[in-house]
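We did not get these values from a lab; they are worked out from the coordinates using the rules stated. Since the structure is predicted, the reported quantities are computational estimates derived from the model, not experimental observations. Please note: Cβ atoms are built from the backbone with ideal geometry, for glycine as well, and neighbour counts cover all protein chains shown.
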């Protein structure tokens, strides 16, 4: 039963990754991102709990553990439902996941701390807007104690006023909705469980789509928003729109491009996705099921050990 | 019904600063209204300009009967900020998936250029 539960959770992790892009494409991104991030974190934690239960039951049969714990190793072996080797493998996996997650936390914390320190050296013109002299057109947001929106003069010069508003509103949305938190939770979940890598990249796309939709709502024009994204991307790549040949434009219809920028532009050319209830309800249901499975596994492992103790006590 | 110019105070301040930075010359309130999208009320523009002026972010010069506004020491600050910007870029590159910066656009693939250029070459619908 415990092995089945662990396997089910691993399958849910894989499915979360496979469904991630679909969820981001179909749902409004401000629903999709919290849903997917919550699901990824839940699956990562619950998989860890289930594998830990297996590891505990395996180690409890070995060496001095039965004597120290006053339980019967043969009883555990008989009722655990899996060979000791499988449990030991689970403990290796859990150890690796904990190490990877810990390393991820250290790296993220170090990067954030460094960014916060560097961001303090940025002088805003007013509010949170920082202008820089940089030949390559650039625009980004730095999250932190005080969020900053950094834009280069070259980026501002490359865009008409309406599209400048798109860039500013997009970056302001990243700060306002604390998008960096979703990214860090997604990275942490995927570090602990690599099956969630797909969910992590879907969340990264979803965050950009969320900021785009926020910008489109502020600008009241999806077309201008799409053009702003397109023009800024070409300007940053050093390809002013006028220089890209018409011959290349003909190939675009083949739809081979699948990068985040292309995906964002395509989504802005379609109407804004509307709220649905079925997919979010399904997502919350799956998350609840994961927690139930994790709770059941913990309860079952506890029960097995108590039973193995009672066998020893009877003798 | 929300007006077309519904945006937060901070958003309008940012747009005006971006406009002054892009213009590279002193700009009058009338220019601001003409350039920025949405039907901004004259008083809204004036209030925002005055607030930015009070903060010392922009300076004004008499131009005919109106004031014209430009960024205060914009070029100087923009040069100084480059050092912090270079540090952030390095951190972002070295931090693997920690995502230090939320960049407006990432790197392009060759196919993207065609798609994006195609979009920009389409005539806007009237």
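Here is how the numbers come out for the structure above:
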| item | result |
| --- | --- |
| Crossing angle, helix A:260-269 versus chain A [Cα axis fit, 0-90 degrees, rounded to tens] | 70 |
| Peptide-level mean, for A:167-180, of C-beta atoms on other protein chains within 10 Å | 3 |
| Pairwise centroid distance, computed over Cα atoms, of the stretch A:145-208 with the stretch B:42-90, Å | 26 |
| Nearest-ten-degree value, helix A:161-176 long axis tilted from longest Cα axis of chain A | 20 |
| Chain A: C-alpha gyration tensor shape, a/c 1.5 cut-off, then a/b vs b/c | prolate |
| Neighbour-count ranking [beta-carbon atoms within 10 angstrom, fewest first] of A:123, A:274 | A:274, A:123 |
| Three-way shape label, the stretch A:33-91, alpha-carbon gyration tensor, a/c 1.5 | prolate |
| Helical contribution to [θ] at 222 nm, DSSP H n ≥ 4, -39,500 (n - 2.57), averaged over chain B, rounded to 500 | -17500 deg cm²/dmol |
| Burial order of peptide ranges A:162-172, A:108-118 (average beta-carbon count within 10 Å, highest first) | A:162-172, A:108-118 |
| Number of partner chain Cβ atoms within 10 Å, mean per residue of A:143-151 | 3 |
| Number of partner chain Cβ atoms within 10 Å, mean per residue of A:155-165 | 5 |
| Cα shape, chain B, gyration tensor, a/c 1.5 rule | oblate |
| Helical contribution to [θ] at 222 nm, DSSP H n ≥ 4, -39,500 (n - 2.57), averaged over chain A, rounded to 500 | -25000 deg cm²/dmol |
| By average C-beta atoms within 10 angstrom, highest first, the peptides A:263-272, A:140-149 | A:140-149, A:263-272 |
| Antiparallel content of DSSP bridges confined to the stretch A:2-314, in %, to 5 | 55 |
| By average C-beta atoms within 10 angstrom, highest first, the peptides A:299-306, A:130-137, A:52-59 | A:52-59, A:130-137, A:299-306 |
